[in-house]
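Worksheet for the structure shown next.
The values are calculated or read from the model by the stated rules, or taken from the named source; none is laboratory data. Treat the numbers as computed from the prediction; the structure is a model and nothing was measured. So basically every Cβ, Gly included, is an ideal-geometry build from the backbone, and we count neighbours across all protein chains shown.
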Amino acid sequence: MSQSDRTASAATPQTPAIVTLEQAFALAQEHLKAGRLVDADRVCGDILRSQPDLAAVLHLRGIVALNRGDLESAVDLVRRAIAADSSVAIYHCNLGEMHRRAGRPDAALDAGLRALAIDADLPQALNNVGILYYERGAFDQAADYYRRATARAPDYAEAYSNLGNALRAGKRYDEALAAYRQALRVRPDFADALSNMGTALREAGRLTDAETAYRRADELQPDSPSILNNLALALKEAERFDEAAALLTRSARADPSNARTQTYLALVSLEQSQPAPAAAAAARAVALAPDDAEALNALGLVRLEQQDSPAALALFHRAVTLKPDLADAHNNIGNVLKENGAFAAAREAYGRSIALDPREAAYYGNLADAGTFGKDDPRLAPMEALAAAPRPLAQTGLCRLNFALAKAYDDLGRFDEAFACMQRGNAIKRGRIAYDESHSMGLFDRIGATFDRNPRRGGDGGCASSLPVFVIGMPRSGTTLIEQILASHPAVHGGGELGDFSRLTAALPGAGRGFRYPEDILALTADARRGLGEAYMQALRARAPGAERITDKMPANFLFVGLIHLVLPNARIVHVMRDARDTCVSCYSKLFAAEQNFTYDLGELGRYHRKYAGLMDHWRKWLPAGVMLDVRYEDVVADMEGQARRIIAHCGLAWDDRCLAFHKTDRPIKTASVAQVREPIYRKALDRWRNYEGHLAPLLDALGDIGATPANLAVD
C-alpha cells in the first residue's frame, strides 16, 4: 500500500454533473488521496454500475474498502479485479498484503510471488514478500528480498528499515544499523526506523545510544505505544525501573488495549518487587490477548513469584505451545524445574532455550547452576566459544557469561581460570551499579546508635504472634540450608526470601515525609508497632494459613533485628554464620538476581562483612535472651542432628526426624543454593576460600581479624 492511501481527511470538492470515465476515475483517486473514503467509494460504485468489470476501478474500490477497515470486501474486490485482468502485478501484490493482514500467510506469499512473476522488479512486491519471509523466521531470505527492493527503489525507506529488522533478528547489529541509517537518510523523520535502530542498539548492549534513538522517535511520534514500550525496555535493562514504569503507564494511557504494554508493565513491576501491580498488569495482558505467548510468559513469572509453581509451569508450557521459539519461556520452564529439584529436566529446558538463542548468556548461567560440570563436559565448549566470539556480547551478557564460566571452571578444579572469570564478571557488574559504600557503612552505624537510644520494649506494644521465624545472615552463609531443615518439619512452611518486612517498614508514616529507618523508630507508638506487626502477620499468614510457623529467609533482615523484636516480640530469629572468607568468596562467585551491590568488589565486600559482624554483636547485647539463636554452618556440617535439634527447639516445636532428611523435602527453592540443599550434608564447601587464596589480598585485608576467626568458635 502506498503512503498516500493513509492520508488525513479534507473537505469534499463539488462533483461535476457530467464527467468522462477517465475524469470519474481520477476523481475517485483524488478522494482516496484526501482521505474522503465515502466519496471515493461512491464514485467507484457509480462507475461500476455501468461497467462492472473495469479492473482498475475494482482494484481502487478494494483499496478504499481496506482503508475503511472492511478487509474481506477489499479482498473480494481485488480478486474481481484480477479476474478481469490478471496481468497487473500491483493487483497481486496488494492482494497478498490483504491476505497477510487477514492472517493467511500462505495465500499472501502465493499472491506476492505471482506479482513478481509478472514484474520481477516491483519494489512493493519485493518488500511484501520479504515481510512474509521475515514473519516465518526466514531472516536471510527476507533480507535478500529487501535488498532487491532497495536496489530497484533507492528511496524506499520502509524497505531499508525492514532490511534492518531482518539483520537485527539475525543479530547482525552493525549491518542492521547501517540499514536503519540509510532509511533515515531517505526520510529523516521516519520514527519507526529510529525506534527499530534503538532496538538494535539495545540488543547490542548500547543502552545510552538506544535511549537517544528512542527519545528522538518519541519526539517525532509522541505517545506511540510501540516506541514508549521499546524505550521502557531499554530503561529496564539499565535497571532504571521507576522511569520504565512511568513510560509504560503513559503508553497504557495512550492505548489501554495494548497487551504488550501490560506485559512489559508486569515485568517491570516484578523488577520493582511490586507483586500486586505485576499480577494486575499480567492479568490485563492475558485478558486482552489470551493467545499471546509473551503475555502468558509474563503471567507465569507472576505466578512463580507468588510461589504457585504448578500454575507457572502450565502458563510457560502454554506459551511455548503457542510460540515454540520463545526461548525465554523455555528458560522459565527450566527455572521452575530447577527450583523443584528436577535438575535433569531443567537442563533439557535450558538446552532448548540456548538452541533457540545461543547468544543469551543468562541461559548459560541458569544451566551452570542446575548441575556440576564434569571432565570433558560438552556444555563448556559452547560457553567458551561464545566468550571468544569475534562479535562480542553486550556488557550485560558478557557479565553473565563470565559468572557461568567461573562456575564451570570451579567445578573442574581450574581455579585460576575460575577466578579470572569471576573478576571480569564482577568488574562489569560493579561498573553498572550505583553502590554508595559510605552510605551503606553509615547505615550500620546509624542503626546501632539509634537502638542504643531505644529501650528494650519487646513487651510494650507489637503483635504477640509466634508464627514468624526469621532466618538471617550474610548471603551464601547457609541460610537456605537452615530454612530447608526448618521447612522439613510438618508444622513449618518455608516462605523463602520475603520482602514484606522492609516493604511495610518503608510504608510507615514519617514526620511530614517518608519513613526514615532507623531514625524514625524512636517516634513509633505502641499502636504503630502493633500495626506494623499485624500487617506483616497478615501477609505472612496468607502464604500458609494452616502452618504453626512460617519462615522468612530474607538474609538482609539482619538490618531490622531490633525493629522485628519491637513489633513481633515473640518471633524467633535464627542467625546463620559461616567462615567469613568462605562466605565472601561464595558471594563473589555469584551474580545475584536481587540487589547485593556490596558483593562485586573484594574490598567493599570485606568491609561490608565487618560491619555486618559488628551489627550482629550489637543485636546480641540488645536483644533479650532466647530471641535469637546463632548457628554456625560449619557446626551443622559437623553435627547435623545436634544443630537441627537446637534450631527446632528454639522455634518452640517438638522434634521431627524428617528434619534430618531435608534434601528430600519437596518445595520450591529460589535461591542460588538450590542445587546444594537437594543433597545430603557435605564438607566440600568448607575452606573453599583456600582455592583462591592467592587472589584474595583485598578481601583478606578488608576482613582483618574477623577473617581469621575460627569457624567453630562458641557463641552461646
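A count restricted to the range 632-644 and to residues that are free of Cβ contacts under 8 Å to residues at least 12 places away in the same chain and in a helix (DSSP H, G or I) stands at 1. Annotation: Gly137 fulfils all but one of (1) under 26 Å from Ala238 (Cα atoms); (2) under 24 Å from the mean Cα position of the chain (by Cα); the unmet one is (1). For the residues Ala204, Ala279, Ala238, the requirement of being closer than 21 Å to Asn332 by Cβ and either in contact with a helix residue (DSSP H, G or I) (Cβ under 6 Å, 6 or more places away or on another chain) or at pLDDT 95 or above (or both) singles out Ala279. Against the conditions (1) within 27 Å of Phe316 (Cβ to Cβ); (2) surrounded by 17 or more Cβ atoms within 10 Å (Cβ to Cβ), Ser257 satisfies every one except (2). Within the range 430-446, if we keep just the residues that are among the small types (Gly, Ala, Ser) and more than 16 Å from Glu595 (Cα to Cα), the residue that is nearest to the chain's Cα centre (by Cα) turns out to be Ser438. When Leu126, Leu95, Leu113, Leu109 are checked against the criterion of being surrounded by fewer than 16 Cβ atoms within 10 Å (Cβ to Cβ) and part of a helix (DSSP H, G or I), Leu113 stands alone in meeting it. Within the set Leu559, Leu629, Leu522, the sole residue that is part of a helix (DSSP H, G or I), at pLDDT 95 or above and of a type in the set (A, V, I, L, M, F, W, C) turns out to be Leu559. Being crowded, with 23+ Cβ neighbours inside 10 Å, of a type in the set (Gly, Ala, Ser), over 30 Å from Met640 (Cβ atoms) and in contact (Cβ under 8 Å) with a residue 12 or more places away in the chain is a description that does not apply to Gly478. When Tyr214 is tested against (1) of a type in the set (Ser, Thr, Tyr); (2) out of contact with any Lys or Arg (no Cβ under 9 Å at 6 or more places or on another chain); (3) buried (at least 17 other Cβ atoms within 10 Å of the Cβ), only condition (2) is not met. Mind checking which residues of the range 389-408 are modelled with pLDDT under 90 and either farther than 18 Å from Tyr173 by Cβ or not aliphatic (A, V, I, L, M) (or both)? Across the range 389-408, the qualifying residues are Pro390, Arg391, Pro392, Gln395, Thr396, Gly397. In the range 145-158, is there at least one residue being under 31 Å from the mean Cα position of the chain (by Cα) and closer than 21 Å to Ala191 by Cβ? Yes, the range 145-158 has at least one match. Whether a residue is hydroxyl-bearing (Ser, Thr, Tyr) and closer than 23 Å to Ala594 by Cα was assessed, and Tyr214 does not pass this test.
Is the range 408-419 home to any residue that is in contact with a Gly (Cβ under 9 Å, 6 or more places away or on another chain), surrounded by fewer than 16 Cβ atoms within 10 Å (Cβ to Cβ), part of a loop (DSSP other than H, G, I, E, B) and not assigned by TED's automatic domain parsing to the domain that holds Arg610? Checked the range 408-419: no residue is in contact with a Gly (Cβ under 9 Å, 6 or more places away or on another chain), surrounded by fewer than 16 Cβ atoms within 10 Å (Cβ to Cβ), part of a loop (DSSP other than H, G, I, E, B) and not assigned by TED's automatic domain parsing to the domain that holds Arg610. Here Val576 meets each of (1) β-branched (Val, Ile, Thr); (2) within 28 Å of the chain's Cα centre (by Cα); (3) assigned to a strand (DSSP E or B) with one exception, condition (2).
For Thr479, the requirement of being under 25 Å from Ala535 (Cα atoms), in the same structural domain as Gln596 (by TED's automatic domain parsing) and modelled with pLDDT under 95 is met.
Can you work out which of the residues in the range 595-625 that are of a type in the set (Gly, Ala, Ser) and part of a helix (DSSP H, G or I) is farthest from the chain's Cα centre (by Cα)? For the range 595-625, the residue satisfying everything is Gly614. Got a sec? Which helices (runs of 4 or more DSSP H) wholly within the range 321-395 have at least 3 residues that are in contact with a His (Cβ under 6 Å, 6 or more places away or on another chain)? Correct list: 343-356. Taking the range 297-320 as the range and being more than 20 Å from Thr261 (Cβ to Cβ), aliphatic (A, V, I, L, M) and out of contact with any His (no Cβ under 8 Å at 6 or more places or on another chain) as the test, the residues that pass are Leu304, Ala311, Ala312, Leu313, Ala314. So which residues in the range 582-627 are of a type in the set (Asp, Glu) and surrounded by fewer than 16 Cβ atoms within 10 Å (Cβ to Cβ), if there are any at all? Scanning the range 582-627 gives Glu595, Asp617.
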